[in-house]
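First comes the structure, then the notes that go with it.
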Amino acid sequence: MAERFKTQRQPADETAGFRRYIAGLEARADMLDRILAHTPHHFYVLDMEGRFLFANTQGAEPLGLLPEDMLGKTWRDLGMPAGVMESPENALNKVLADQKPVTGQMSYPTVWGPRDYEYVMIPIRDEQGRVCSVLVTSRDITETKKMESRAHYQASLIDCIIDAVLSTDLSFVIKGWNTGAELLYGWKAAEVIGKPVSEILAPEYPDDNREEIYSRFFKNGHWTGRIIHRKRDGSKVHVSISVALLKDGDGNPTGTISIMRDITPTVAAETAIQEARDAAESARDWLEVILKTIPSGVVIIEKPDGRISYVNDSAVTLYGVDPRGLPLEEHSTGVNLCRLDGSRYPPEELPASRALLKGEVVLDEEIIVVQPGGNRIAVTASAAPVLNQDGEVVAAVGIFDDITGRKRFEDQLKFQANILSHVNDAVVAIDRKGLVSYWNKPAEELFGLSADEAIGLNLEKVYTVAWERPEHEKAAQKALDTIGSWRGENIHITREGKRIHTECSASVSSYKNGRVTGLLTVIRDITERKMAERVKDEFIGMVSHELKTPLTVIIGALSTATAKGLPPEESAELLQDAVNHAEYLAGIVDNLLELSRHQAHRLVLQSEPVSVETVARDVLVKAATKSSRHRLVLDFPDGLPPVKVDPMRVERVVYNLVDNAIKYSPNGGQVTVAARQGDDCLVLAVRDQGMGIPLEDQARLFKGFERLETQPGCGIKGIGLGLNVCRILVEAHGGRIWVESEPGKGSSFFFTLPLESLPPDN
């Protein structure tokens with residue numbers, strides 16, 4: 001970039017310093033940027049056919065929809081034009097084909113009009129590593145693209161703007177020296193860092209009042225004015241300088257920062273204008289040459305009517321029109337000039353008008369220029385009166401500099417702060433004293449305190465952290481002390497005593513000199529995840545026990561049955577016992593497999609015309625060996641039509657229901673499998689004469705891992721999956737399942753199978 005400046009213009013150019021100012025703004029936004037790096041905007045999950053499986057509120061809002069309105073539909077189902085969807089559909093096909101993330105951009109109509117979005121599509125894999133769906137994240141880049149367009153339009157101007165910025169300690173020893181300073185003075189940063197300013201720049205102060213300026217500076221904390229510096233080659237350069245004290249968090253001065261702008265051409269122009277008073281028309285051509293070398297916009301207005309008599313090329317570029325010849329009353333209409341609040345400037349209050357009418361010197365007043373195409377440019381305007389030999393104001397000179405880039409980044413800071421207040425995780429910042437300095441909306445919801453209540457309180461009065469072990473707290477503190485950040489899990493306890501399992505990311509804030517000013521923490525509630533992990537562990541333990549018990553019986557029975565000298569009838573009994581427990585073990589495995597397929601969205605029915613009576617009879621034949629105390633009955637009327645179902649899955653449903661009927665009828669009795677034809681379905685029932693089920697327990701029967709043991713010590717085996725698998729398989733066929741029961745009077749389980757054919761991919 002520095003080389004490009006050298007080839008395009010002289011080192012005295014006064015315009016590129018705003019880019020360094022922008023870099024300073026970016027540094028101040030560092031804390032916001034680190035948080036926003038974890039915050040996506042729009043989330044969607046698509047299946048393999050491009051249908052929505054999930055959409056968040058932010059993703060549905062641009063379409064004027066709720067997330068649930070999008071589920072099961074494609075973009076085209078939602079009315080998106082084919083031309084708009086070509087890019088994302090091609091991207092989706094590429095993700096599915098290559099199984100790699102794809103990025104892209106698209107523009108589509110929203111409730112706010114056409115908007116531009118940048119998206120990323122990422123394949124999601126199932127447990128076997130196969131792509132089963134696609135995650136889509138997107139963000140609105142409409143304003144970014146607009147800013148990029150404006151930036152491109154003004155690139156020639158912005159590339160010509162560079163200010164010199166240097167920082168010092170309180171002894172005015174140079175600590176920082178930017179590219180603008182290198183271009184302006186000819187010294188490289190490495191050559192000047194650590195040396196006094198007076199040694200490098202040899203400043204000459206106005207009227208040689210150095211001590212007075214220093215006194216005002218340390219008293220007020222800032223000073224703005226004009227001085228003369230020397231370049232590396234010994235030449236002098238006139239600069240406008242703005243210098244301020246740097247302070248730490250406690251308000252103690254730590255150094256200075258100065259921004260210098262080369263005003264040598266401006267000083268030369270002002271001198272030339274003064275001299276041109278006496279040279280009259282013969283000197284005007286020479287003045288034109290000088291003004292054309294100034295990259296800032298320059299206008300001259302003259303009495304008696306304030307008509308614009310001169311405009312340089314830079315001013316015409318800024319205005320978007322040539323305002324030559326406009327009288328005073330038409331200045332803010334011929335050129336659309338507004339205040340920062342959008343109101344139009346009265347012509348007599350414009351900086352150049354005040355210089356002409358009142359003899360004022362106006363410096364760096366901010367104005368908005370609205371170009372004919374609607375493009376808004378922020379500028380600083382300065383103006384000075386031109387006097388004749390008698391000291392009368394005869395004209396005024398106005399100078400304009402484009403500060404749109406600086407204003408854009410100021411707006412970006414505000415925009416990022418607004419986004420920060422809407423992130424999903426709690427964000428809490430504390431200062432060096434442990435007082436809360438930032439508290440966003442999710443923090444309010446998580447800890448039950450509003451921002452007004454929390455900010456200013458000591459963190460210990462807001463929540464406490466319960467570490468599982470003392471060494472965990474020590475490890476976190478060590479990470480913060482050494483690398484400045486820590487990530488991990490712990491438990492937060494609110495003021496009301498509520499315990500919240502959290503995932504935290506903490507980092508310290510500091511100035512460039514390493515002074516710690518506070519701590520920033522991002523907190524995510526993972527209480528539900530922790531509860532799910534605990535349930536998983538309990539389930540693994542239960543399944544391990546239930547699998548080990550029948551395996552022990554099978555191994556023991558087979559070992560004994562094969563022993564020498566065992567009577568045949570005892571051997572046969574042991575083998576039958578092994579078979580029964582093997583069938584019990586196979587039932588557990590089959591139920592686990594069905595549940596796994598369902599959870600992985602891989603439950604596919606192999607439907608064919610089936611006689612349900614034949615399926616039920618086969619189940620009863622298998623179940624007859626389980627208990628000699630039960631009488632198994634098949635009650636099917638003649639003429640029942642076949643149904644198109646998956647015979648193995650229907651057999652699993654009937655088997656689970658019959659197996660439960662036998663287990664929960666420990667005293668024996670009749671178990672009946674019955675059926676009847678409804679209007680559009682077959683209704684099957686499995687009835688027993690067992691212990692029955694209380695009404696309050698019936699609602700949870702068909703959930704996973706629920707077991708009822710109504711009689712203490714009855715020793716009923718199982719892991720509570722049978723009825724849950726029944727519900728999954730029945731609903732996969734398009735049917736429903738329910739129970740009717742009273743304690744002591746047995747239970748009847750019913751389920752339906754539609755008579756109509758199911759689609760192949762159900």
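Does the range 170-186 include one or more residues that are open to solvent by 20 Å² or more (accessible area, probe 1.4 Å), acidic (Asp, Glu) and closer than 16 Å to LEU245 by Cβ?
No, there is no match, as no residue in the range 170-186 is open to solvent by 20 Å² or more (accessible area, probe 1.4 Å), acidic (Asp, Glu) and closer than 16 Å to LEU245 by Cβ.
Would you check which residues across the range 177-196 are assigned to a helix (DSSP H, G or I) and either at pLDDT below 90 or of a type outside the set (Val, Ile, Thr) (or both) and list them?
Taking the range 177-196 as the starting set, the residues that turn out to be assigned to a helix (DSSP H, G or I) are 179-185, 189-192.
Of everything in the range 177-196, those that are assigned to a helix (DSSP H, G or I) and either at pLDDT below 90 or of a type outside the set (Val, Ile, Thr) (or both) turn out to be THR179, GLY180, ALA181, GLU182, LEU183, LEU184, TYR185, ALA189, ALA190, GLU191.
Would you tally the residues in the range 518-531 being part of a strand (DSSP E or B) and in contact with an Asp or Glu (Cβ under 7 Å, 6 or more places away or on another chain)? Working first, answer last.
We begin by selecting, within the range 518-531, every residue part of a strand (DSSP E or B); these are 518-525.
From the residues that got through so far, the ones that are in contact with an Asp or Glu (Cβ under 7 Å, 6 or more places away or on another chain) too are 518, 522-524.
So the count comes out to 4.
If I ask for residues that are polar (S, T, N, Q) and touching a Ser or Thr at 6+ places or on another chain (Cβ under 9 Å), which ones from the range 420-467 would you list? Full working, then the answer.
Keep residues of the range 420-467 that are polar (S, T, N, Q), which gives 421, 424, 437, 440, 450, 458, 464.
Passing the criteria: ASN424, ASN440, THR464.
Can you tell me which condition LYS236 does not meet? The list is (1) more than 30 Å from ASP313 (Cα to Cα); (2) open to solvent by 60 Å² or more (accessible area, probe 1.4 Å); (3) modelled with pLDDT of 90 or more, and all the others hold.
(1)
Please work out which residue is surrounded by the fewest Cβ atoms within 10 Å (Cβ to Cβ), limiting yourself to the range 483-505 and to residues that are farther than 16 Å from ASP525 by Cβ and within 28 Å of the chain's Cα centre (by Cα).
Looking at residues that are farther than 16 Å from ASP525 by Cβ and within 28 Å of the chain's Cα centre (by Cα), I get ILE483.
Can you name the number of the only condition in (1) in a helix (DSSP H, G or I); (2) open to solvent by 40 Å² or more (accessible area, probe 1.4 Å) that LEU446 fails?
(2)
Could you list, in sequence order, the residues of the range 714-727 that are farther than 17 Å from ALA699 by Cβ and either at pLDDT 90 or above or touching a Ser or Thr at 6+ places or on another chain (Cβ under 7 Å) (or both)?
none
Among the residues of the range 295-313, write down those that are without any contact (Cβ under 8 Å) to a residue 60 or more places away in the chain and outside any strand (DSSP E or B). Give the steps one after another, and end with the answer.
Of all residues in the range 295-313, those without any contact (Cβ under 8 Å) to a residue 60 or more places away in the chain come to 304-308, 310-313.
Within the range 295-313, PRO304, ASP305, GLY306, ASN312, ASP313 meet the criteria.
Would you please name the residue that is nearest to SER611 (Cα to Cα), looking only at residues in the range 627-662 that are among the charged types (D, E, K, R) and open to solvent by less than 50 Å² (accessible area, probe 1.4 Å)? First the steps, then the outcome.
Initial filter on the range 627-662 (among the charged types (D, E, K, R)): 629, 631, 635, 638, 644, 646, 649, 651-652, 659.
Imposing the further condition that a residue be open to solvent by less than 50 Å² (accessible area, probe 1.4 Å) reduces the set to 646, 649, 652, 659.
On the way: ASP646: 11, ARG649: 13, ARG652: 15, ASP659: 21 Å.
Restricting to residues being among the charged types (D, E, K, R) and open to solvent by less than 50 Å² (accessible area, probe 1.4 Å), the top hit is ASP646.
Pairs under 7 Å by beta carbon, first residue closer than 14 Å to LEU53 by Cα in the range 118-141, partner aromatic (Phe, Trp, Tyr) and at pLDDT below 90, six or more apart or different chains?
What qualifies is VAL136/TYR44; VAL136/TYR119; THR137/PHE43; THR137/TYR119.
Restricting attention to the range 56-81, and to residues there that are part of a helix (DSSP H, G or I) and not aliphatic (A, V, I, L, M), which single residue is surrounded by the most Cβ atoms within 10 Å (Cβ to Cβ)? Before the answer, list the steps.
Initially, the range 56-81 is screened for residues part of a helix (DSSP H, G or I), giving 57-63, 67-70.
Keeping just the survivors that are not aliphatic (A, V, I, L, M) gives 57-59, 61-62, 67-69.
Numbers: THR57: 11, GLN58: 16, GLY59: 21, GLU61: 16, PRO62: 17, PRO67: 17, GLU68: 10, ASP69: 14.
Out of the qualifying residues, it is GLY59.
Taking only the range 105-122 into account, find how many residues are open to solvent by 20 Å² or more (accessible area, probe 1.4 Å) and in contact with a Ser or Thr (Cβ under 8 Å, 6 or more places away or on another chain).
Total satisfying the criteria: 8.
Per-residue answers, yes or no, for (1) touching a residue at least 24 places away in the same chain (Cβ under 8 Å); (2) within 29 Å of PHE400 (Cβ to Cβ):
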site: THR168; (1), (2): yes, no
site: ALA189; (1), (2): no, no
site: GLU199; (1), (2): no, no
site: ILE213; (1), (2): no, yes
site: SER235; (1), (2): no, yes
site: SER242; (1), (2): no, yes
site: GLY249; (1), (2): yes, no
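Answer yes if at least one residue in the range 456-472 is under 21 Å from the mean Cα position of the chain (by Cα), farther than 16 Å from ASP525 by Cβ and part of a strand (DSSP E or B), and no otherwise.
Going residue by residue through the range 456-472, those that are under 21 Å from the mean Cα position of the chain (by Cα) are none.
No, the range 456-472 contains no residue that is under 21 Å from the mean Cα position of the chain (by Cα), farther than 16 Å from ASP525 by Cβ and part of a strand (DSSP E or B).
Any idea which of LEU620, LEU632 is touching a helix residue (DSSP H, G or I) at 6+ places or on another chain (Cβ under 8 Å), at pLDDT 90 or above and part of a helix (DSSP H, G or I)? Outline the logic, then answer.
Values: LEU632 fails: part of a helix (DSSP H, G or I).
That would be LEU620, the only listed residue that is touching a helix residue (DSSP H, G or I) at 6+ places or on another chain (Cβ under 8 Å), at pLDDT 90 or above and part of a helix (DSSP H, G or I).
Taking the range 267-291 as the search range and keeping residues that are at pLDDT 70 or above and open to solvent by 10 Å² or more (accessible area, probe 1.4 Å), which one is farthest from the chain's Cα centre (by Cα)?
Here is the first cut: in the range 267-291, the residues at pLDDT 70 or above are 267-275.
Restricting the remaining residues to those that are open to solvent by 10 Å² or more (accessible area, probe 1.4 Å) gives 267-268, 270-271, 273-275.
Numbers: VAL267: 50, ALA268: 52, GLU270: 52, THR271: 55, ILE273: 56, GLN274: 58, GLU275: 61 Å.
Only one residue tops the list, namely GLU275.
Filter the range 364-398 down to the residues that are under 53 Å from the mean Cα position of the chain (by Cα), in contact (Cβ under 8 Å) with a residue 24 or more places away in the chain and surrounded by fewer than 14 Cβ atoms within 10 Å (Cβ to Cβ) and list them by number.
Those that are under 53 Å from the mean Cα position of the chain (by Cα), in contact (Cβ under 8 Å) with a residue 24 or more places away in the chain and surrounded by fewer than 14 Cβ atoms within 10 Å (Cβ to Cβ): GLU366, PRO372, GLY373.
Kindly indicate whether GLU651 is closer than 22 Å to LEU729 by Cα, out of contact with any Gly (no Cβ under 9 Å at 6 or more places or on another chain) and not in a loop (DSSP other than H, G, I, E, B). Walk me through how you get there before you give the answer.
Values: closer than 22 Å to LEU729 by Cα: yes; out of contact with any Gly (no Cβ under 9 Å at 6 or more places or on another chain): yes; not in a loop (DSSP other than H, G, I, E, B): yes.
Spelling it out, GLU651 is indeed closer than 22 Å to LEU729 by Cα, out of contact with any Gly (no Cβ under 9 Å at 6 or more places or on another chain) and not in a loop (DSSP other than H, G, I, E, B).
How many residues does the range 357-383 contain that are hydroxyl-bearing (Ser, Thr, Tyr) and under 16 Å from ALA396 (Cβ atoms)? Explain how you work it out, then say what you get.
The initial filter retains those residues of the range 357-383 that are hydroxyl-bearing (Ser, Thr, Tyr), namely 380, 382.
Those left that are additionally under 16 Å from ALA396 (Cβ atoms): 382.
Result for the range 357-383: 1.
Name the single residue, out of those in the range 328-359 being aliphatic (A, V, I, L, M) and in a loop (DSSP other than H, G, I, E, B), that is surrounded by the most Cβ atoms within 10 Å (Cβ to Cβ). Can you show your working first?
Filtering the range 328-359 down to residues aliphatic (A, V, I, L, M) leaves 328, 335, 337, 340, 350, 352, 355-357.
Cutting the leftovers down to in a loop (DSSP other than H, G, I, E, B) gives us 335, 340, 350.
Numbers: VAL335: 24, LEU340: 10, LEU350: 26.
For the range 328-359, the residue satisfying everything is LEU350.
The values are calculated or read from the model by the stated rules, or taken from the named source; none is laboratory data. Keep in mind the model is a prediction, meaning the values are calculated, not measured. Note that we place each Cβ from the backbone using ideal geometry, even for glycine, and neighbour counts take in every protein chain shown. Just the protein is used for accessible areas: all its heavy atoms, side chains included, with ligands, DNA and RNA removed. Shrake-Rupley method; radii C 1.70, N 1.55, O 1.52, S 1.80 Å.
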